[in-house]
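The values are calculated or read from the model by the stated rules, or taken from the named source; none is laboratory data. This structure is a prediction, so every number in the text was calculated from the model and none was measured. Cβ: placed from backbone, ideal geometry, glycine included. Neighbour counts: every protein chain shown.
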Amino acid sequence: MKINNEAIERLNSFGVKPSMQRLAVMTYLLKHRTHPTVEAIYLDLCSQIPTLSKTTVYNTVKLLVEQGAVAELTIDDKNLRYDSDISTHAHFKCCHCGYLCDIPVRKSTLLSVKKIGGLTVSESQLYYKGYCEKCSKLMEKI
Ligand SMILES: [Zn+2]
Ligand SMILES: [Zn+2]
């Protein structure tokens, strides 16, 4: 498993001690912008790191999310998904095939609100759901 420098920097800047497993998970998330689940991360990494367990992957992503190094998405009601892109952006999920992608949004949108009256916002997510291009075409044929 090749660890990239970006992963080391990301962990350091968010105060996460860079253990081998944490670096592996962070590197994986930086390389795979598909918003993978714990299951997907584990299945891909366990061939390279035979000592890795699913619990370790689970605990690692939880820690990365807690420290703010990775974003957790609840758009998929079956599985939590993880995103190394922590900049402001929205997500789209296809209800048919599960395809999940980034939707760029401008910084000035609702997502960047930090205060609403007396309320302090620590997290905001904007989700779009519908059908991807491929599935939309399939639907037309039926
Ligand atoms: Zn689809
Ligand atoms: Zn994303």
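If the condition is being part of a strand (DSSP E or B) and more than 16 Å from ligand 1 (Cβ to nearest atom), then segment 69-103 contributes ALA71, GLU72, LEU73, TYR82, ASP83, HIS89, ALA90. Pick from segment 115-133 the residues that are modelled with pLDDT under 95 and more than 21 Å from the chain's Cα centre (by Cα): which of them is farthest from ligand 1 (Cβ to nearest atom)? Taking the candidates together, the pick is GLY118. In segment 67-95, the residues that are on the phi > 0 side of the Ramachandran plot reach residues that are in a loop (DSSP other than H, G, I, E, B) and not acidic (Asp, Glu) with C-beta atoms within less than 6 angstrom, at least six apart or across chains, in these pairs: GLY68/PHE14.
Restricting segment 94-142 to residues that are within 16 Å of ligand 2 (Cβ to nearest atom) and among the charged types (D, E, K, R), the residue that is nearest to GLY68 (Cα to Cα) is GLU123. Scoring ARG33 on the criteria (1) not in a loop (DSSP other than H, G, I, E, B); (2) not assigned by TED's automatic domain parsing to the domain that holds CYS132 leaves a single failure, condition (1).
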